[in-house]
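Quick note: the coordinates plus some simple rules give every number you see, no bench work behind them. Everything quoted here is computed from the prediction, not taken from an experiment. Every residue, glycine among them, receives a Cβ derived from its backbone with ideal geometry; neighbour counts consider all protein chains shown.
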Amino acid sequence: MNEGRGPYRAIGESLAAGRERAFVGRHAEIALFRAALAGDPGACTVQYLHGPGGIGKSTLLRRFAMEARAAGRPVVEVDGRTITPTPEAFALAARRAIEAPGAVLLVDTFERCQGLEGWLWDHFLPKIPVDNRVVIAGRLPPDPVMTSDPGWAGLLQITALRNLAPQDAAEFLRVRRVPPRAHAALLSFTGGNPLALALAAAVAVQDEAAAPLWKPSHDVIATLLPQLIGNTPDELRRKALEVCAHAYVTSESLLRSLLGERTADLFSWLRRQPFVEATASGLYPHDAVREVLEADLRWRDPEGFATMHHAMREQLLERLRSAPEAEMLQATGALIYLFRTDRSMSDFNGWRESGLVEDRAYAAGDRQRVLDLVREAEGAESERIASFWLDRQPESFRVYRSTQSGRLNAFSAWLRLSDLEGTDIDPVVAAAWAHARATGPLRPGEHLGMARFSVADQAYQRPSAPMTLTQWRATGEMIRARRLAHSYVVMRDDGFWNAHLGDINMLPIDARPKVGGNAYALFSHDWRVQPAGPWLQEKSRAMLTGSPMVQVRQAASGELNVLSQPEFEVAVRNALRSLRQPELLEANPLQRSRLVAESGQPLAEILQRAANALLDERGGDKRHRAVMTTYFRGAPTQEAAAERLGLPFSTYRRHLTAAVERMSQLLWHHELRGTAITRT
């Protein structure tokens, strides 16, 4: 039958050869298995591999089978998907592992017969000859009650399989001839999960033109989802998974705020999933699981995804505002993480790399190293300016030390500027004050905030672990600050940060001050014009729609008025008097205040909300009746209002004056801080 066609070769041989060529990574696991095959001292008889779907357990077992056969050992393979999960059926399928000398038993998909675990440890495995070897692979880790038996010490090796290391994942793609320009997109989506890598690679090699912008198709997502997470028992658990996928880290309190029901049970269920890891702060899923869950929800239910995102953003914003100082950086990173699918955010924020450095408060012993860093990066004049600010605001400086070596390799400074100090020393600070005075002068009690220095020893101001933490600290300071008028982010004027900072409404001012021959760009935001809440809402809209943020110009553009407190109080009194005169009310300065712009409600409704808020206060009902009768219910004169209320005129006037003063206070508080006027 084979005459003239060369030696007979089965398809299985070609399959094995192809798999061998494509296999990458798992060096530690293979070394352990080879040591066990060789009978090395300390090698274990039984190895238990566990990990989520798609992590490469079956592929590794095939490699183990090849290694065992090459070593001359008989191989017995049992697949939990194809046997009846009873002791009798398992024992029958695996009997040669007991009978054949030197046999290697490989058990795949053990989660399908997990109910046999007690029998396996107590009855089957003890019968295995000591020279034979066993490898069990499943999604779930072994029962700690069984494995804690001291008799298994020295006999059992438990290994949690993880995603491929970055270099191995890149080699995985290279072997499959994926164009190099597509690697970054595929590695970001898969996180090194072998199954996700394989499916993504198969698609990417067929569409080379789209490779740099590769995104998973619905077919890829539909294939991966059941493989990675299995079947979810009910809709509430599915929602818990979606929350876990969107959040940087999911705590039980975050779940409670978003889902409200059975929170403890849901959190416990999430924690048990093989594709979910636990940290001191909460839970997070493996990268591929996160990306697939999120992509599926955004495609399947975009409105539901948006609703979850908005609710989570508000929760994390409140957490950031109220977090202790020591937790500010972590809270800021968690909030920014919600926007990671916006490419400009993910390009300039490295959540994976953030753990490479530690953010610490500046100490006097750090001074020389800080000055050395700024001199090397920016020159002697910048060193002199940094020294000036170190003397006056040492608390504004942060240093970043390597978590591996402890070396101080970066620093930053967030200056709080409430007067003109330093304008004669620092041209950058002088430019910021000139801009603030020209566009939106400060009111009493307000201040400027400035990310004045961002210096790393190698990357300088390019994306790196220290620059990620520097950005998070500046963002956290902006959001948490009380009475912050303008913020300024200072960068070398080389254009690198323009698009990213402009996309988050940090707009460059015209001035380009020079220090030591280097020009610097100042990216400004007026927080009175667009406070933190609306700023993040607009960023959410941009991310969800794929469109740029709508730029909000400074106050000088005429979009909003920035009033002093006395001017504001006069405007409130005039607005109340104009409620029945639409032309006068429309011309009131409050119409172009933060008060109206942020709420999106007519000024008349805002005034009524402030009046109704009086009812929440002790004695507020009297003030409420006075102001409502006078301005909202059409009394022709104050005398008529007093008569309607049945009050002496002097008593009425006292109640009305107190009402207007208190309303002005409530509205001014909202104007400054964006806090809600709670009574409706």
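Remarks
- For region 181-203, the residues whose amide N sits under 17 Å from a probe point set 7 Å from the Cα of residue 30 along the beta carbon direction are 194.
- Distance-filtered residues of region 527-551 - backbone nitrogen under 19 Å, label point 7 angstrom along residue 327 Cα→Cβ: none
- The mean of 1/r over all distinct Cα pairs in the chain, once inverted, gives the Kirkwood hydrodynamic radius of 30.0 Å.
- Cα gyration tensor category, rounded, prolate or oblate, for region 488-588 with a/c compared to 1.5: oblate
- Residues 145, 76, sorted so that the one with the fewest Cβ neighbours within 10 Å comes first: 145, 76
- In whole angstrom, region 140-212 maps to an equivalent ellipsoid with semi-axes of 38, 10, 9, each derived as √(5λ) from the alpha carbon gyration tensor and ordered largest first.
- Gained length - residue 122 relative to residue 601, 0.36 nm times residue gap less alpha-carbon distance: 165.4 nm
- Ratio of the Cα radius of gyration of region 11-160 to 2.2 N^0.38 Å, where N counts its residues: 0.99
- Normalised contact order of the chain, rounded percent, pairs of Cα under 8 Å and 6 or more residues apart: 8
- Neighbourhood net charge (13 Å Cβ-Cβ; Lys/Arg +1, Asp/Glu -1) for residue 119: -3
- Candidates per chymotrypsin sites (Phe, Trp or Tyr not before Pro) in region 296-362, loop by DSSP, up to 13 other Cβ within 10 Å: none
- Percentage relative contact order, region 565-673, counting C-alpha pairs under 8 Å, at least six apart: 29
- Stretching residue 483 away from residue 514 to a fully extended chain increases their span by 8.3 nm, per 0.36 nm per residue minus the current alpha-carbon distance.
- With R₀ fixed at 25 Å, the C-beta to C-beta distance from residue 551 to residue 416 puts the FRET efficiency at about 0.45.
- For region 227-338, the relative contact order comes to 29 percent (Cα pairs under 8 Å, sequence separation of at least 6).
- Shape call, region 227-338: gyration tensor on alpha carbons, a/c limit 1.5: prolate
- Part-to-part distance (alpha-carbon centres) for region 409-469 and region 621-672, which is given in Å: 45
- Estimated at 0.36 nm per residue, the fully extended path between residue 92 and residue 651 surpasses their Cα-Cα distance by 191.5 nm.
- Share of alpha-carbon pairs per 5 Å distance bin for region 273-422, given as whole %: 1, 7, 12, 15, 17, 14, 11, 8, 6, 5, 2, 0
- With a Förster radius of 60 Å applied to the C-beta separation of residue 155 and residue 612, the computed FRET efficiency comes to 0.25.
- With at most 12 neighbouring Cβ atoms within 10 Å, loop GluC sites (Glu not before Pro) (DSSP) excluded, longest segment of the chain: 262-680
- Axis angle, to the nearest 10 degrees, between helix 235-246 and the longest C-alpha principal axis of the chain: 80 degrees.
- Counting DSSP beta bridges with both ends in the chain, the antiparallel % (nearest 5): 60
- Residue-count net charge about residue 397 - beta-carbon cut-off 13 Å; Lys, Arg +1, Asp, Glu -1: +3
- Exposure rule at most 10 other beta-carbon atoms within 10 Å, DSSP loop trypsin sites (Lys or Arg not before Pro): the chain longest free segment: 178-481
- Calculated from backbone phi, Karplus (6.51, -1.76, 1.60) coupling profile of region 92-98 in Hz, x at Gly/Pro: 5, 5, 9, 4, 5, 5, 8
- Label sites at residue 140 and residue 361, each approximated as a point 7 angstrom past Cα along Cα to Cβ, lie 4.8 nm apart.
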